[in-house]
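Chemist: Quick one: this structure, given as structure tokens, is what I'll be asking you about.
The values are calculated or read from the model by the stated rules, or taken from the named source; none is laboratory data. Just so you know, these numbers come straight off a predicted model, no measurement behind them. Here the Cβ positions follow ideal geometry from the backbone for every residue, glycine too, while neighbour counts run over all protein chains shown. Just the protein is used for accessible areas: all its heavy atoms, side chains included, with ligands, DNA and RNA removed. Shrake-Rupley method; radii C 1.70, N 1.55, O 1.52, S 1.80 Å.
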Amino acid sequence: MEFGVPSVKLWPPSEHTRLMLVERMTKNLVTPSIWSRKYGLLSHKEAEEDAKKIEAKAFAAANQHFEKETDGDGSSAVQLYVKESSRLMIEVNKRGPTMKRDGELDILDKVKESDGTVFDISNDPRKVIDASDAERLLKALTEPGNKYKKICFSNTSFGRDAAHIAESTLLSLKDKLTEVDLSDFIAGRDEEEALEVMNTFSLALKGAKLRYLNLSNNALGEKGIRAFEALLRSQHDLEELYLMNDGISAEAAVAVHEFIPSTEKLRVLHFYNNMTGDEGAIAISRMVKCSPLLEDFRCSSTRVGSEGGVALAKALGTCTHLKKLDLVDNMFGVQSGLALSKVLSAFSNLSEIYLSYLNFEDEGSTAVANALKESAPLLEVLEMAGNEITAKAAPALAACIASKQLLVKLNFADNELKDEGAILISKALEVGHARLHEIDMSTNLIRRAGARCLAQAVVSKPRLKLLNINGNYISDEGIDEVKDLFKNFPNVLGPLDDNDPEGDDNDNEDDEQGGDNDELEFKLKGLEIKQEE
């Protein structure tokens with residue numbers, strides 16, 4: 001008697017497998033490729049419909065083949081299913097979008113619905129712009145008597161031929177333009193074509209007297225910045241400049257400083273998520289120093305260390321009109337914190353300051369808090385998460401908080417304030433602070449006493465929307481106490497699923513105090529924190 005291995009039937013595929021194939025084909029059809037550059041990119045809706053039709057046709061062909069097999073395991077049907085799907089996908093790619101004109105009408109309707117001064121062809125999903133698209137979409141810009149002052153080509157993908165069509169249009173229009181948004185307008189293009197497109201736009205817009213320029217999300221690098229050299233060198237009146245997520249290295253930052261002839265009128269400078277480093281930060285600091293009207297400065301996630309941080313801090317001292325400062329996620333260190341503290345007194349109009357993840361530690365954080373206490377009377381947002389702040393700096397933080405009665409958002413997450421720091425901050429929040437919307441004290445080694453004090457201090461704030469104390473060491477009893485305090489406002493208390501009631505912060509004193517720090521709370525009850533008049 002012979003025993004064989006049972007044969008495995010490969011056909012038909014399950015419904016789940018068929019649905020997965022449709023999803024995969026849809027994704028492929030909406031991804032920019034050599035086909036989409038030539039024939040156009042499908043919208044997600046059209047791609048999904050085509051993918052369903054392709055799968056159904058491929059399945060029917062393969063199933064018919066399988067039924068003719070007498071003793072096959074279905075492997076040849078599977079091969080035909082895949083082959084037929086691929087063939088039909090190529091046909092759809094070569095056909096291009098059939099809903100193209102409808103999509104263009106949507107964009108043009110959007111333009112017509114504007115006030116007649118804004119020409120915005122940004123689109124979702126992204127639109128790949130070829131020469132014929134450019135001719136149709138940009139036609140309105142050439143009509144006699146148009147009053148367009150702003151153009152927005154964001155979330156598109158201009159090719160070489162489309163750029164040359166746009167060139168003549170922009171040349172005729174640039175004397176009227178005051179705002180240009182070219183963010184994310186070369187997606188999916190290879191480097192050579194992308195640089196050519198940027199250079200074409202740069203030359204066409206050279207000499208336009210712009211107040212607003214956005215070149216974000218274009219992976220510019222130094223080559224991209226140099227491709228825009230002609231445009232940048234001609235700008236003397238910029239009020240807003242956005243260079244976010246552009247892969248700008250130190251060399252590229254130096255080029256930006258070199259090319260822009262004047263920043264005397266600059267009010268907004270956003271330089272988020274680049275590879276600037278210290279050398280690049282020093283170049284940017286030279287721009288900042290020559291921008292006395294600056295109100296909004298963002299230089300977060302730019303890989304800047306201590307030297308660059310100190311340079312930026314000193315340069316900001318000339319920006320007496322500053323209202324919003326965002327330096328989050330850099331490697332500044334203590335010295336940068338000390339340097340920043342020395343210029344904060346100049347910012348009498350400051351309303352938002354974001355200083356999270358800058359490695360200020362206790363010394364730098366204390367210096368900043370002390371300086372803010374004596375300045376920035378209009379402060380609404382204070383964020384200093386992730387700075388390795390311990391309870392040692394808590395008195396300075398608490399005094400600063402007490403003096404800021406207009407605070408809307410307070411974030412000291414991801415530090416080591418423990419119960420001592422939490423209770424001091426709670427005392428600072430007890431009186432006033434009627435505008436407070438959000439407080440984040442998550443991941444601070446806080447136990448039961450600190451959590452209870454925070455909850456008691458803010459539960460009655462009329463505008464409170466969130467208290468976040470997740471990721472701490474609060475006992476089960478402490479969790480119950482906090483939840484009971486917020487029983488009438490359950491949606492205001494943030495999640496507590498990352499809390500660890502058995503947490504160990506390697507502090508034996510906590511164990512000696514029974515874990516809840518009731519003795520610590522008792523000692524601090526009599527502490528007074530002066531409120532500013």
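Chemist: Taking one equal scatterer on every alpha-carbon of the range 272-382, how large is log10 of I(q)/I(0) by Debye at q = 0.12, 0.16 1/Å?
Modeler: Rounded to two decimals, the profile gives -0.33, -0.61.
Chemist: Could you compute how fast the range 295-343 diffuses translationally, taking Rh as the Kirkwood radius over C-alpha pairs and applying Stokes-Einstein at 20 °C with viscosity 1.002 mPa s? Give it in µm² per second.
Modeler: Working: Rh = 10.7 Å.
The calculation lands on 200 µm²/s.
Chemist: Here is a further query. Just to be sure I understand the model, the point goes 7 Å from the Cα along the line to the Cβ. What's the resulting Ser33 to Lys223 distance in nm?
Modeler: Going from the Ser33 label point to the Lys223 one covers 2.5 nm.
Chemist: Show that you can apply the helix-only estimate: for the chain, add -39,500 (n - 2.57) for every DSSP H stretch of four or more residues, divide by all residues, and state [θ] at 222 nm to the nearest 500.
Modeler: -13500 deg cm²/dmol
Chemist: Would you work out the Kirkwood radius for the range 373-421? I mean one over the mean of 1/r across all pairs of different Cα atoms, in Å.
Modeler: Working: mean 1/r = 0.0893 Å⁻¹.
Evaluated over the range 373-421, this radius sits at 11.2 Å.
Chemist: Could you state the per residue volume, in Å³, of the convex hull enclosing the Cα atoms of the range 152-236?
Modeler: Dividing the Cα hull volume of the range 152-236 by its residue count gives 77 Å³.
Chemist: In a solvent-free Debye calculation with one equal scatterer on each Cα, what is log10 I(q)/I(0) for the range 254-334 at q = 0.15, 0.27 Å⁻¹, listed in the order of the q values?
Modeler: Computed log10 I(q)/I(0) values: -0.44, -1.45.
Chemist: Also, quick follow-up: Efficiency by 1/(1 + (r/R0)^6): what FRET value for Glu135 and Lys176, r their Cβ-Cβ distance, R0 = 25 Å, to the nearest 0.05? Can you show the working numbers first?
Modeler: Values: r = 20 Å, r/R0 = 0.81.
Using R0 = 25 Å, I get an efficiency of 0.75.
Chemist: Nearest 10 degrees is fine. How inclined is helix 15-29 to the longest principal axis of the chain, computing both from alpha carbons?
Modeler: For 15-29 against the chain, the angle is about 90 degrees.
Chemist: Additional query: Taking the Cα centre of the chain as origin, sum charge times position over the Cβ atoms of Lys and Arg (+1) and Asp and Glu (-1), and report the length of that vector in debye to the nearest 20.
Modeler: About 2900 debye.
Chemist: Please work out how much accessible surface Leu378 shows to a 1.4 Å probe, ignoring ligands, DNA and RNA, in Å² rounded to 10.
Modeler: Near enough 80 Å² of accessible area.
Chemist: In square nanometres, what is one fourth of the surface area of the convex hull spanned by the alpha carbons of the chain?
Modeler: Average of the hull's projected areas for the chain equals 35.2 nm².
Chemist: Could you check the spin-label model distance between Leu19 and Met275? Points 7 Å from the Cα along Cα→Cβ, value in nm.
Modeler: 4.2
Chemist: Still on this structure: Using a 1.4 angstrom probe and counting only protein chains, how large is the accessible area of Met275 in Å², to 10?
Modeler: Using a 1.4 Å probe on the heavy atoms, I get roughly 90 Å².
Chemist: While we're here: So what is the diffusion coefficient of the range 208-322 in µm² per second by Stokes-Einstein at 25 °C and 0.890 mPa s, using a Kirkwood Rh over Cα pairs?
Modeler: Answer, rounded: 181 µm²/s.
Chemist: Separate question: Give, as a single signed number, the net charge of other residues whose beta carbon lies under 11 Å from the beta carbon of Leu215, with Lys and Arg counted +1 and Asp and Glu -1. Each step should come with its number before you reach the end.
Modeler: Numbers: positive: none; negative: Asp181, Asp184, Asp246.
Around Leu215, the surrounding residues sum to -3.
Chemist: Which residue, chosen from Leu382, Asn273, Leu241, occupies the Cα position most advanced towards the positive end of the dipole of the chain, where the dipole is computed from +1 (Lys, Arg) and -1 (Asp, Glu) charges on Cβ about the Cα centre?
Modeler: Checked the options; the winner is Leu241.
Chemist: Put a dot 7 Å past each Cα toward the Cβ at Gln456 and Val492; how far apart are the dots in nm?
Modeler: With each label point 7 Å from Cα toward Cβ, the separation is 1.6 nm.
Chemist: Scattering from the C-alpha atoms of the range 393-458 alone, worked out with Debye: what is log10 I(q)/I(0) at q = 0.16, 0.18, 0.25, 0.27 1/Å?
Modeler: Result of the Debye calculation: -0.44, -0.56, -1.13, -1.31.
Chemist: Where does helix 250-259 land angle-wise versus the long Cα axis of the chain, in degrees 0 to 90, nearest 10?
Modeler: Roughly 90 degrees between the two axes.
Chemist: Can you give the longest stretch of the chain with no exposed loop site, where a site means trypsin sites (Lys or Arg not before Pro) in a DSSP loop (not H, G, I, E or B) with at most 12 other C-beta atoms within 10 Å?
Modeler: Result for the longest clean stretch: 148-462.
Chemist: Still on this structure, I have one more. Give me the number: length gained by fully extending Glu251 to Asn146, i.e. 0.36 nm times residue separation minus the C-alpha to C-alpha distance, one decimal in nm.
Modeler: Full extension of this stretch gives 33.8 nm more.
Chemist: Something else now. What's the Cα-based Rg to Rh of the range 30-94, Rh via Kirkwood?
Modeler: Reported Rg/Rh, Kirkwood definition of Rh: 1.11.
Chemist: Also: Please report the projected area of the range 161-201's Cα convex hull averaged over all directions, in nm².
Modeler: 3.0
Chemist: Sorting Tyr473, Tyr272, Tyr81 by accessible area (1.4 Å probe), largest first, what list results? Can you show the working numbers first?
Modeler: On the way: Tyr473 40, Tyr272 75, Tyr81 15 Å².
Order by accessible area, largest first: Tyr272, Tyr473, Tyr81.
Chemist: May I ask you to give the solvent-accessible area per residue for the range 253-344, in square angstrom, as obtained with a 1.4 angstrom probe?
Modeler: I get 37 Å² per residue for the range 253-344.
Chemist: Another question, then. Computed over the Cα atoms, what is the radius of gyration of the range 357-500 divided by 2.2 N^0.38 Å, N being its residue count?
Modeler: Against the empirical 2.2 N^0.38 Å value, I get 0.96 for the range 357-500.
Chemist: Considering only DSSP states other than H, G, I, E and B, which GluC sites (Glu not before Pro) in the range 211-303 qualify as loop sites with at most 13 other Cβ atoms within 10 Å?
Modeler: Hits after loop and neighbour filter: Glu264.
Chemist: Hey, what angle do you get for helix 277-289 against the long axis of the chain, alpha-carbon based, 0 to 90 degrees rounded to 10?
Modeler: Roughly 70 degrees between the two axes.
Chemist: I've got another one for you. Computed on alpha carbon atoms, what radius of gyration and Dmax characterise the range 126-268, expressed in Å?
Modeler: My reading of the Cα-based Rg and Dmax gives 14.2, 44 Å.
Chemist: Any idea of Ser132's accessible area? Nearest 10 Å², probe 1.4 Å.
Modeler: Ser132 exposes around 40 Å² with every protein chain in place.
Chemist: Round to the nearest 0.05 the FRET efficiency obtained for Lys94 and Glu258 when R0 = 56 Å and r is the Cβ-Cβ distance.
Modeler: Working from the Cβ atoms, E equals 0.75.
Chemist: What percentage of the solvent-accessible surface of the chain, computed with a 1.4 Å probe over protein heavy atoms, is contributed by carbon and sulfur atoms?
Modeler: On the way: 12310 of 24980 Å².
That fraction is 49 percent.
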